[in-house]
Amino acid sequence: MSTTDQKPRPRIGPDSAPFWDGCRRHELRLPFCADCGKPHLPPGPVCPHCFSARLEWRNASGRGRISTWVIVHKPWFPAFAAEIPYNVVQVELDEGPRLTANVVGTNELSVGQRVEVVFDEIDAELTMPRFRLAP
């Protein structure tokens, strides 16, 4: 058995520690293949493009274009009947991957609009990435 077979497989995806550590520093960190340089998304133990297991986390600009969007109505808290509408978008980032998030600050959305990531402070320990329209 080679040494590459003995290494634990990397866990990749938005629930990974490097992603959330980057958010706390107001950086969008995403997994990329160390061999071919393409995004390691969708999540998996190997690169979906070249099947390499070498992974590196890099800063991404967080700028891109809306490819699809929908307004979702969801109860804010189960005890309340009022529904809070929010925008869910698929963003094609300039770096290549596609991310699902919500857009804050506007209800005027269209496919192709430029957006950029903004980091909302939820509390001292948690920062959430969201998108807003790019200037």
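Here, each number is a calculation from the coordinates, and none is a lab measurement. A quick note: this is a predicted structure, and the numbers were derived from the prediction, not measured. For neighbour counting, all protein chains shown are included, and Cβ atoms are generated from backbone atoms with ideal geometry for every residue, glycine included.
For this structure, a couple of remarks:
- Placed amide H near ARG58: partners under 5 Å, 5+ positions off or other chain: LEU30, PHE32
- Theoretical gain in end-to-end length, LYS38 to LEU109 [0.36 nm per residue, Cα-Cα removed]: 22.7 nm
- Net charge, ILE66 excluded, C-beta distance under 9 Å - Lys, Arg +1, Asp, Glu -1: +1
- Segment ASP123-VAL70, length gained on full extension (0.36 nm per residue, minus Cα span): 16.3 nm
- Local electrostatic count, ASP120, Cβ distance below 11 Å [Lys/Arg +1, Asp/Glu -1]: 0
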